[in-house]
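One structure below.
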Amino acid sequence: PCLPRLVTRKSAPSTVDLADVDVGKAFIEENNVAVVGFFKNKDCDEEKIFKRVGYSLEGVKLGVTNSDELFKYLNVAEESAVILFRKFEDAQLKFDKAIDFKSLKQFIQLNSAPHLVKYTEEEWKTIFHGKYGQHFFLWINEKDEENKEVIAAMRTVAKEFKEDIMFVLIATDEVDHKLLSKFFGIDNSEIPAFRISNTKTENIYKYKTLETL
């Protein structure tokens, strides 16, 4: 079943054509993360690289525009630019390097998820089979006022080290965490608690703190 899905994805366009301001606004508003490539010269080398990156990514929507009015509406002065729009944390991030495949792909991967990822059962595959080999997990009652400072501190650290480690928040008051807690050997009586994991090719190494929060 994977091969037909892969063929379909590779044969479909990797980007959406944003022909004018209305289409561009709708594209940004409809997606939690929207990456827009602005290229004055249609089919330039930078645009081709952008589209190649699009084929290499899943779960992120990329749009391309050559529209002068959209350039003006979003205050883009460069001949070629890439901006990532998102509905969390810093709402708008501009790629500030020369456009090449590796750097652009890494920029999109690093910034298309929050610095602090909230755990859901659906996110399991993203967490353990994504690009990160190291993870920091925090089990905590997010709605408890006494925990606000701990979560804020974790979010600050997550932003600083986002290139090296994925920080995952397990909101124990919201999500079913039984399987994950069992996997890491955490009892409800230990919460709040944290664990660090190091994911290798076939094994997940788990590290337990000697002290409680």
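Numbers at a glance
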item	result
Reference-scaled alpha-carbon Rg (2.2 N^0.38 Å with N residues) for the stretch 31-104	1.04
Å² per residue, accessible surface of the stretch 26-145 at 1.4 Å	53 Å²
Net charge of Cβ neighbours under 12 Å - reference Ile165; Lys, Arg +1; Asp, Glu -1	0
Contact order normalised by residue count of the chain, Cα under 8 Å, 6+ apart, percent	17 percent
Separation of the Val175 and Ala77 label points, Cα + 7 Å toward Cβ, nm	4.2 nm
Of all DSSP beta bridges in the chain, antiparallel share, percent nearest 5	55 percent
Extension gain (nm, one decimal) between Ser56 and Glu29, 0.36 nm per residue minus Cα-Cα	7.4 nm
Label corresponding to Kirkwood radius over Cα pairs in Å when calculated from the structure given, among [x] 20.8; [y] 17.8; [z] 19.2	[z]
Of all accessible heavy-atom area on the chain, the percent that carbon and sulfur account for (1.4 Å)	51 percent
C-alpha center-to-center spacing [the stretch 22-45, the stretch 47-73] in angstrom	5 Å
Two-site label geometry, Asp164 and Lys97: point separation in nm, points 7 Å out along Cα→Cβ	1.8 nm
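The values are calculated or read from the model by the stated rules, or taken from the named source; none is laboratory data. Just so we're clear, the structure is a prediction, and the values are computed from it rather than from any experiment. Positions of Cβ are generated from backbone atoms using ideal geometry, with glycine treated the same way; all protein chains shown enter the neighbour counts. All accessible areas refer to the heavy atoms of the entire protein, side chains included, with ligands and DNA or RNA removed. Shrake-Rupley method; radii C 1.70, N 1.55, O 1.52, S 1.80 Å.
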